[in-house]
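To start, the structure itself, in structure tokens.
The values are calculated or read from the model by the stated rules, or taken from the named source; none is laboratory data. Just so you know, these numbers come straight off a predicted model, no measurement behind them. Cβ atoms come from the backbone with ideal geometry, glycine included; neighbour counts cover every protein chain shown.
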Amino acid sequence: MNKNRIYVFLLVLIAISGLAWAVLSFYFSSPLGGNLSHNFGVVSIERPFTVLEHTFRLQNKTDHDLWLKSATPTCGCTTTDWPEDIVPPGGELVIPIHLKLRRSQMRASQIRLLFDSGEMVVLRVEGIGRFSQPMSISPPSLPLKKGPLGGAKGVIRLEWDGSGRPENPQIEFPEGIEGEYDNWRFSNLADSHKGIPEIWTIRLRLSLEDETLVANQTITITMPSMPPLVVPVILEDTAISGRISID
């Protein structure tokens with residue numbers, strides 16, 4: 001290969017490399033300056049859900065206008081009201097993001113921003129939810145029937161982040177209602193990767209001591225460092241079914 005061909009080859013190689021670098025820079029370098037991710041940390045959830053909000057404030061660091069065509073989240077737990085105004089060079093793009101937490105677990109979502117220039121930016125949000133009341137009961141209210149077939153059953157559920165076995169709860173029963181319950185039983189392992197706590201359960205049974213009670217009552221379940229759980233007890237008459245034959 002003579003010197004002229006080598007020279008031409010080098011020029012072509014430099015041109016291709018420069019074009020490739022320009023293309024890669026266009027598609028893979030962010031046109032926006034600022035923090036592209038936000039971690040809410042551990043957040044208290046009020047049932048049935050809590051919505052968190054974070055506003056991204058990002059600067060157009062290119063030499064051309066940016067017009068946002070779409071903002072698409074990867075999770076249905078995330079929504080955004082993305083602006084439709086053109087952002088000039090040096091201008092600010094303001095994007096509010098809403099993350100809905102329904103369970104005691106980690107939620108992570110990406111929001112894909114696509115501009116009319118073909119440039120793309122990915123925003124990231126995440127947070128770990130924890131119910132402010134880690135205890136619950138199933139069913140949420142206890143139907144206590146009167147009569148020989150009476151009684152009520154329920155299962156108390158505890159989301160536990162502590163070490164070792166949780167302390168047994170204290171349960172206050174109103175006058176005229178008797179209750180018994182066992183100790184906490186381990187139900188499900190924690191999952192640190194998904195931010196899910198351990199689950200413990202207790203079986204609860206109620207019976208009616210005073211058949212003359214007519215008003216609905218409540219029982220109160222308490223645990224150290226937790227808000228009390230107040231459970232409605234609905235008094236019901238035992239239905240009599242079947243036919244009665246008379247000789």
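Of note:
Okay, residues lined up against (1) over 26 Å from the mean Cα position of the chain (by Cα); (2) exposed (fewer than 14 other Cβ atoms within 10 Å of the Cβ); (3) within 30 Å of P140 (Cα to Cα):
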position: I45; (1), (2), (3): no, no, yes
position: F56; (1), (2), (3): no, no, no
position: C75; (1), (2), (3): no, no, yes
position: R112; (1), (2), (3): no, yes, no
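- Checking each residue in segment 14-55 for being modelled with pLDDT of 50 or more, of a type in the set (V, I, T) and under 24 Å from D116 (Cβ atoms) picks out only T55.
- Whenever a residue of segment 147-163 is at positive phi, its partners that are surrounded by fewer than 19 Cβ atoms within 10 Å (Cβ to Cβ), lying with C-beta atoms within less than 8 angstrom and at least six residues away or across chains, give the pairs G147/E211; G147/D237; G147/T238; G151/K145; G151/R205; G151/S207.
- With a requirement of 2 or more residues that are within 30 Å of P83 (Cα to Cα) and hydrophobic (A, V, I, L, M, F, W, C), the strands (runs of 3 or more DSSP E) lying completely within segment 98-213 that satisfy it span 106-115, 120-131.
- Selection count where residues are under 13 Å from L158 (Cα atoms) and in contact with a Lys or Arg (Cβ under 7 Å, 6 or more places away or on another chain), scope segment 168-201: 4
- Residue in segment 42-84 that is farthest from K100 (Cα to Cα), counting only those that are in contact (Cβ under 8 Å) with a residue 60 or more places away in the chain and β-branched (V, I, T): V42
- Selection within segment 87-101 - among the aliphatic types (A, V, I, L, M) and either at pLDDT below 95 or crowded, with 17+ Cβ neighbours inside 10 Å (or both): V87, L93, I95, I97, L99, L101
- Residue match in segment 135-144 (condition: closer than 30 Å to L52 by Cβ, among the hydrophobic types (A, V, I, L, M, F, W, C) and in contact with a Ser or Thr (Cβ under 7 Å, 6 or more places away or on another chain)): no
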